[in-house]
Amino acid sequence: MRFSKIIFIIVGIAVLVGGANFVGSYFGKSLVTPIALADDDEDDDEDGKKTSIKTVTTYQTVYVKLPDTVVDQVMQVPLHDSDSDGIYDDQDPYPYINKFFVVSDENLNGIDDTYEKFDN
């Protein structure tokens with residue numbers, strides 16, 4: 001049963017493709033879009049004289065001198081910020097704790113000391 005379905009599908013596709021090509025050839029229309037190409041070999045002038053244009057391609061070898069100095073390559077290693085607080089781990093006193101969770105309140109007024117310096 002399964003094998004006959006596969007055969008039916010393959011035969012159906014073949015009939016559709018063959019039928020489309022037959023109809024296209026019968027009515028004289030190709031399924032491929034024609035492309036207009038320019039004819040550069042012989043052109044008619046205004047006087048009716050034919051002129052011949054030939055394109056000649058020439059190649060030239062250009063030698064480029066490489067620099068005499070050697071430049072050391074600097075490798076940039078991305079720095080890690082484990083707690084995503086904007087301070088890299090090598091400069092962060094608490095690399096695994098976000099700085100927004102570290103609160104210092106020395107005068108015990110309930111406001112973080114980092115926000116009190118903006119008051120002045």
Review point. Residue by residue through the range 58-65, which ³J(HN,Hα) values in whole Hz follow from phi under the Karplus form 6.51 cos²θ - 1.76 cosθ + 1.60 (θ = phi - 60°), with glycine and proline marked x?
Key: 10, 10, 10, 8, 10, 9, 10, 7
Check your understanding: Which shape class, rounded, prolate or oblate, goes with the range 46-89 when its Cα gyration tensor gives a ≥ b ≥ c as root eigenvalues, a/c under 1.5 marks rounded, and past that a/b bigger than b/c marks prolate?
Key -> oblate
Practice item. Would you mind checking the range 63-78 for residues with the amide N under 13 Å from a putative spin-label position 7 Å along Cα→C-beta of ASP90? Key: 75-78
Exercise for review: Determine, from the Cβ-Cβ distance of SER104 and GLN76 and an R0 of 35 Å, the FRET efficiency 1/(1 + (r/R0)^6), rounded to the nearest 0.05.
Suggested key: 0.55
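So what's the net charge close to ASN98: Lys and Arg +1, Asp and Glu -1, counting the other residues with Cβ under 13 Å from its Cβ? Working shown, then result.
Working: positive: LYS99; negative: ASP81, ASP83, ASP85, ASP89, ASP92.
Charge balance near ASN98 sits at -4.
Order of LEU16, LEU66 from fewest to most other C-beta atoms within 10 Å?
On the way: LEU16 10, LEU66 6.
Listing LEU16, LEU66 from fewest to most nearby Cβ atoms yields LEU66, LEU16.
Each reported figure results from applying straightforward, stated rules to the coordinates on display, with no laboratory input. This one's a predicted model, so the numbers in the text were calculated from it and none came from an experiment. Because the Cβ atoms are built from the backbone with ideal geometry, glycine has one as well, and the counts that use them run over all protein chains shown.
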